[in-house]
1. For the chain, with only Lys/Arg (+1) and Asp/Glu (-1) charged at the beta-carbon, what is the dipole magnitude about the Cα centre, in debye rounded to 20?
2. In nm, what is the difference between 0.36 nm times the number of residues separating Leu103 and Ile77 and their Cα-Cα distance?
3. Roughly how compact is segment 4-66, stated as its Cα Rg over 2.2 N^0.38 Å to two decimals?
4. Cα atoms only: what Rg and Dmax, in Å, come out for segment 3-158?
5. What whole-number volume per residue, in cubic angstrom, does the convex hull of the C-alpha atoms of segment 163-281 give?
6. Helix 53-72: angle to the longest alpha-carbon principal axis of the chain, degrees 0 to 90, nearest 10?
7. Over 36 Å, how big is the tail of the calculated P(r) for the chain, in percent of all Cα pairs?
8. How much FRET efficiency would the formula 1/(1 + (r/R0)^6) give for Leu213 and Leu95, where r is the Cβ-Cβ distance and R0 is 51 Å, rounded to 0.05?
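What follows draws every value from the coordinates through simple rules; no lab data is involved. In this text the structure is predicted, and so the values were computed from the model without any measurement. Every residue, glycine among them, receives a Cβ derived from its backbone with ideal geometry; neighbour counts consider all protein chains shown.
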Amino acid sequence: MGHQNTAATYTFFITGHYKWVISLSIGIFTYLFLLAFLPFGVSNYNPDHQYSLYFLTEVGKFMVLTIALSLFCEFLIKPRLVKRATLSTIIGWSLFMLVILGLGNYLLYNWLGNWHDLSWRSAAGFVLEVSSIFVFPVLGVFFYFRYRMLNEHIRQMSFHMEDIAAPPELIHFSGQGKTDTFSVSSSDFRYAQAQDNYVALFYMKNGNLQKELIRSTLSELLENTRWDLLMRCHRSYAVNLQQLHSVSGGTPLVLFLKDVPEPIRVSRTYRSEVLARLKKAIGEP
């Protein structure tokens with residue numbers, strides 16, 4: 001997909017909702033992680049450590065700082081540095097955030113410990129260590145929002161499937177032999193499926209789904225047919241885009257064809273190409 005479409009895919013990254021969720025998630029996750037695993041000597045390496053109100057409050061300071069610092073960066077710094085939500089800017093911003101949050105927690109760690117470990121070398125090591133904690137909520141929230149946006153986009157796209165209209169035309173399929181041919185109206189043809197050394201062509205006749213076998217590979221069949229609305233979505237399947245009823249799911253993506261009871265799955269290899277073809281077919285930018 002083009003640069004414009006790619007940028008649109010990540011627009012959630014600069015929304016206020018995402019900024020609040022990512023900030024709260026990092027802070028809460030860090031707090032729970034520190035309480036559960038007691039890393040970085042937060043328990044002073046005491047084998048008889050007991051959870052007390054004082055201890056919970058002291059560890060809570062890291063949560064409060066992390067949330068406050070994250071909100072500051074997300075709402076005040078990000079709008080000035082991130083103008084468009086592209087994959088490269090997202091990676092750059094995430095690395096910047098990990099460093100800022102790591103340094104902030106390092107200073108708090110030293111302040112609570114009477115500045116006992118203040119050096120550039122210690123700071124670098126601390127940032128790397130706490131980044132290994134922050135990266136889990138960062139990736140988790142990002143992929144959750146990404147999944148939600150893709151699902152919403154696909155749901156909206158399915159409402160426009162009926163807009164894929166074209167007058168019926170005769171589709172000519174040819175196999176490996178000179179007499180191995182089959183012609184069917186585009187209004188009747190539904191999909192093609194690779195079956196060993198043959199391709200099964202499924203089409204409607206007298207209200208029933210029929211099958212015609214033609215000796216060929218699916219790749220050869222598609223190359224010889226060259227019909228614009230015949231779209232490959234899997235190594236074993238190609239569908240008639242004109243007979244597409246709806247689209248469902250995020251991963252995997254699933255296609256529903258008119259009069260075909262079983263949905264057809266889109267493989268990861270063809271996912272981006274299929275989405276691009278669908279957008280083009282229904283006239284989306």
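1. Working: 25 positive and 20 negative charges, 84 e Å.
Value, rounded to 20: 400 debye.
2. Answer, rounded to one decimal: 7.7 nm.
3. Cα-based Rg divided by the globular estimate yields 1.60.
4. When restricted to Cα atoms, segment 3-158 yields Rg and Dmax of 17.7, 60 Å.
5. 104 Å³
6. Orientation of helix 53-72: about 50 degrees from the principal axis.
7. The proportion of pairs with Cα distances above 36 Å equals 42 percent.
8. Efficiency, rounded to the nearest 0.05: 0.40.
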